[in-house]
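The values are calculated or read from the model by the stated rules, or taken from the named source; none is laboratory data. Quick caveat: nothing in here was measured; it's all calculated off a predicted structure. Using ideal geometry, Cβ is built from the backbone for each residue, glycine included, and neighbour counts are taken over all protein chains shown.
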Amino acid sequence: MNNGKICVSVCAETADELIQQIKRAEDLADVIEIRFDSLSFSELDNFFKLFKKIKPSIKAPILAAMHKSVETETIETSEETYIIPDTFRVWEKILASNTLDYFDPFQGGVTALLIECWNNFETSAVPIISFFKNAKKHKFIFSHHDFEKVPSELNNIYKTMKETPADIVKIAVQTSVITDTIPIWKLLERAKSDNKQIIPIAMGEAGKWTRILGLAHGAFMTYASLDSGSETAPGQVSASDLIDVYRANELNENTEVYGILGSNTSVSMSPYIHNEAFKIHKLNSVFVPLQVNNLDEFIKRMVKPETREVELNFKGFSVTIPHKQAIIKHLDFIDETAKAIGAVNTVKIVDGKLYGYNTDAQGFIEPLLNSYGDLQRAKVVVIGAGGAARACVYALKKQGAEVTVFARDLEKAKPFAEEFAVELKQLSTNDEPRTTYKEFDILVNTTPLGMKGKADGVSAAIAEQLKGLHLVYDLVYIPFQTPLMQEADIAEVPKIGGLAMLIAQAMEQQKLWTGLDAPMKEMSRAALLRLQS
Ligand code: NAP
């Protein structure tokens, strides 16, 4: 266990709703942050009345937070002009309520008041600090948020905040690319050497990993939402995921870090699958989302020992769209299968060297062999000619299948067909006549058609086209029952969904990374639970 705390943030418009959320947060949170900024001013008295009743049963410290500044008053001194937000009216009420007692977060204890003050640092720092001087018995978090960017003067902001009477400094900045997280992450080191408690937050999907690994590297606290879908800041992870999936409070600086490298990691099932395996094997390892757009910058500044600016103990990556081919030039070694496929979906890091593998081919073929049996001379349609198709065609040909690729752009797909020596045909569009696949045995969809968020509800083929086939295999796994699988049901053709491949390729990855046999049942259950929620 590390010393960090998981803070669940609750926010509601009515007192009743806020009380309900506090009760639910109790089961998950080390600290409960009550955000008072959505609650209307007229509901405050009612809230404190209700809160008094539940307070004795609440064990988690309470953090009162005000995240809104409505500028109402301007004070001019001989030196400067300050703007005072009317949020002070709310703070006065909170302090006067006396429902929130003193608590020292460094010593442990019960109900507490930590005051978080969120504001535009430059204009409001001085009046806020003088206001809270009168609230001395409470611990005080002073926070600075930038919802647009990582400010270039980040180090100066930290330096000024560190000099204030605040017990804890919180700095939250918006990141758009993963390397934006470097300066905010480096504040952890700086705060450690200054002996100052800090909560550094990189908001946005690209910064999600900082919310997961922060506690292991000395952050005072990390923020979580009560449920997924009720996040109070971009990139926030739900409390149950932080605790059960990522085990954020069990990680430490020696934790081996793995992650999914892709341009859209928010929909990935891989963290659920791999973290389950690490948990079952009781490994000090974690698998995090790494949303990467510029692969070269990421590898240079965060991975390669000679050039990296942060030490994260990376041990491997699962590589997905669009980096499966681009990663190759960064590798120190590539195995024969990955080389033949021309794509790498797995990286293992040993002594700073990057080793590349492809587990998609094995992951694809295993469920197919289990369902269909011998593939020698089986006539297989592969729809699509992208990255996943490369692994599928490679594996099918190795098994002796006769493959025909159907692609929407023949010009683009031609080099692929030539490289793998397969027949290439035009994929029919929705206009009639549609191709029928009755002269084939198996149809494999390797396009994102039908995938949630990409081509919702669209099927790569309709029932009419599928009649006569012996098996339909859809690589898409979100949703669990894809439109193509529904069409296969109508055509009464047996089908396999993409989850089988996802699990099989992930099991191969686990084997490569840990040398252990992966717990298939538990990994499948973890993915299914997510897909069906
Ligand atoms: P990719 O490299 O982008 O390739 C996608 C292929 O689909 C390309 O040939 C593309 O054609 C074609 N395509 C895209 N939209 C199309 C449309 N509307 N109509 C017809 N063809 C279309 O992506 P990928 O890495 O191969 O992944 C493809 C799918 O497989 C994704 O849904 C992914 O989630 C899934 N997948 C699943 C697993 C698993 O474990 N189950 C593993 C890997 C991939 P153009 O080249 O003309 O754009």
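Quick check, is Leu499 away from the ligand (no atom under 11 Å from the Cβ), aliphatic (A, V, I, L, M) and either surrounded by 22 or more Cβ atoms within 10 Å (Cβ to Cβ) or part of a helix (DSSP H, G or I) (or both)?
Spelling it out, it is not the case that Leu499 is away from the ligand (no atom under 11 Å from the Cβ), aliphatic (A, V, I, L, M) and either surrounded by 22 or more Cβ atoms within 10 Å (Cβ to Cβ) or part of a helix (DSSP H, G or I) (or both).
If you scan the range 292-347, which residues turn out to be aromatic (Phe, Trp, Tyr) and part of a helix (DSSP H, G or I)?
Hit for the range 292-347 is Phe298, nothing else.
Need a quick list: helices (runs of 4 or more DSSP H) entirely within the range 380-491 having at least 2 residues that are near the ligand (Cβ under 9 Å from one of its atoms) and either at negative phi or crowded, with 19+ Cβ neighbours inside 10 Å (or both).
Output list reads 387-398, 410-420.
What are the residues in the range 245-275 that are more than 24 Å from Gln532 (Cα to Cα), without any contact (Cβ under 8 Å) to a residue 60 or more places away in the chain and either assigned to a loop (DSSP other than H, G, I, E, B) or under 10 Å from the mean Cα position of the chain (by Cα) (or both), if any?
Within the range 245-275, Asn254, Thr255 meet the criteria.
Limited to the range 221-235, what total is found for residues that are in a loop (DSSP other than H, G, I, E, B) and either in contact with a Lys or Arg (Cβ under 7 Å, 6 or more places away or on another chain) or among the charged types (D, E, K, R) (or both)?
The qualifying residues number 5.
Restricting to the range 260-285, name every residue that is among the hydroxyl-bearing types (Ser, Thr, Tyr) and modelled with pLDDT of 95 or more.
Ser270, Tyr272, Ser285
Residues in the range 333-345: is at least one surrounded by 24 or more Cβ atoms within 10 Å (Cβ to Cβ), within 12 Å of the ligand (Cβ to nearest atom) and more than 18 Å from Phe420 (Cα to Cα)?
Looking through the range 333-345, at least one residue is surrounded by 24 or more Cβ atoms within 10 Å (Cβ to Cβ), within 12 Å of the ligand (Cβ to nearest atom) and more than 18 Å from Phe420 (Cα to Cα).
So which of Asn370, Asn313, Asn293, Asn264 ends up being surrounded by fewer than 24 Cβ atoms within 10 Å (Cβ to Cβ) and away from the ligand (no atom under 16 Å from the Cβ)?
Asn313
Which of the residues belonging to the range 312-341 are among the hydroxyl-bearing types (Ser, Thr, Tyr) and at pLDDT 95 or above?
Ser318, Thr337
Return the pair list, or none, for Cβ contacts closer than 6 Å from residues in the range 505-533 that are surrounded by 20 or more Cβ atoms within 10 Å (Cβ to Cβ) to residues that are in a loop (DSSP other than H, G, I, E, B), at least 6 apart or on different chains.
Hits for this filter: Gln505/Thr359; Met507/Ala518; Glu508/Thr359; Gln509/Thr359; Gln510/Ala518; Ala527/Met269.
Say we look at the range 185-199 and pick out the residues that are part of a helix (DSSP H, G or I) and over 25 Å from the mean Cα position of the chain (by Cα); which of these is surrounded by the most Cβ atoms within 10 Å (Cβ to Cβ)?
Ala191
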